[in-house]
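Please read the structure below before turning to the comments.
Nothing in this text is a laboratory measurement; each read-out follows from the coordinates by a stated rule. On a predicted model such as this, the values are computed, not experimentally measured, just so you know. Virtual Cβ from ideal backbone geometry, glycine too; neighbours counted across all protein chains shown.
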Amino acid sequence: AQSVAQPEDQVNVAEGNPLTVKCTYSVSGNPYLFWYVQYPNRGLQFLLKYITGDNLVKGSYGFEAEFNKSQTSFHLKKPSALVSDSALYFCAVRDPISGNTPLVFGKGTRLSVIA
Amino acid sequence: DGGITQSPKYLFRKEGQNVTLSCEQNLNHDAMYWYRQDPGQGLRLIYYSQIVNDFQKGDIAEGYSVSREKKESFPLTVTSAQKNPTAFYLCASSIDLGSGIRKETQYFGPGTRLLVL
């Protein structure tokens, strides 16, 4: 079975500081990993994904994520946080071995960037 | 949100009433999904459809029904059997590569908030 965990419900960071939102996963094979962002009362917006290749993936709005197979992690990062980055962030996984199944989402991490 | 529309934005349900949430996409995607979002619980899968006239139950299908008569449309009905329907409902779609492994991203609509009167 595939699963994803976001160990922090809330992350607070000062504007201009680097931010990290953590995600760990559990799958049988090599995972497909995704990050989404959700602003209040809106749908989810795709940020970036890892399928194969370079472990460092760059995405929208200056975000990036690093795939670490040994630690089964896919943490989201940004070098300098903006107040406008404040939102709810979701990590998601699909295990290709499971066949054509939908994404499995974590419970989300609320990021608050303080001016 | 582009390419996927959900209506209405807010929906009110009376006790014992069935209500239908609309989801339409113009992305020519084969696969469509319905998720329910509750505070602190993330997204839970209700139903998904990989192709017209076919759909599968997700983790929390009880009290819900769907249809997929057209490729671009995947309406969700919240029946009176769903005793706690208050939630934010999200529709999504993705390209389905047929028998190949689905690597494609899921794209989401803006959501419908369902409230019980």
Legend entry - Mean separation of Cα contacts under 8 Å, 6 or more apart, over the residue count of region B:14-117: relative contact order %: 31
Legend entry - Neighbour-count ranking [beta-carbon atoms within 10 angstrom, fewest first] of B:L43, B:L27, B:L11, A:L111: B:L27, B:L11, A:L111, B:L43
Legend entry - Simple label model, 7 Å out from Cα along Cβ direction - B:N53 to A:L82, nm: 4.8
Legend entry - Which listed pairs, of A:K107/B:K57; A:K69/B:K9; A:K107/B:K70, have C-alpha distances above 30 Å, in listed order: A:K69/B:K9; A:K107/B:K70
Inset, instruction - Could you work out the local net charge near A:S60, counting Lys and Arg as +1, Asp and Glu as -1, over the other residues with Cβ closer than 13 Å to its Cβ? - result: +1
Inset, instruction - Considering the options A:N41, A:S98, A:T72, tell which one lies farthest towards the positive end of the dipole of chain A, charges being +1 on Lys and Arg and -1 on Asp and Glu at the Cβ, about the Cα centre. - result: A:S98
Legend entry - Estimated inter-spin distance, B:Q41 and A:I97, nm [label 7 Å along Cα→Cβ]: 3.0
Inset, instruction - Hey, could you get me the Stokes-Einstein D for the protein assembly as shown, Kirkwood radius over alpha-carbon pairs, 20 °C and 1.002 mPa s, rounded to whole µm² s⁻¹? - result: 118
Inset, instruction - Could you give the size of the charge dipole of the protein assembly as shown about its Cα centre, using +1 on the Cβ of each K and R and -1 on the Cβ of each D and E, expressed in debye and rounded to the nearest 20? - result: 240
Inset, instruction - In nm, give the distance between the simple-model label positions of B:S67 and A:S26, each being 7 Å from the Cα along the Cα-to-Cβ direction. - result: 4.0
Legend entry - Percent of beta bridges antiparallel (DSSP, region A:8-115, rounded to nearest 5): 85
Legend entry - Anchor A:K78: aspartates and glutamates whose Cα lies under 20 Å away (excluding residues fewer than 8 positions away in-chain): A:E8, A:D9, A:E15, A:D54, A:E64, A:E66
Inset, instruction - Give a residue-ordered list of calculated ³J(HN,Hα) values for region A:24-41 (Karplus: 6.51 cos²θ - 1.76 cosθ + 1.60, θ = phi - 60°; whole Hz; x for Gly, Pro). - result: 10, 9, 9, 9, 7, x, 7, x, 9, 10, 9, 10, 10, 10, 10, 8, x, 6
Inset, instruction - Could you work out the relative contact order of chain A, using alpha carbon pairs under 8 angstrom and six or more residues apart, expressed as a whole percent? - result: 38
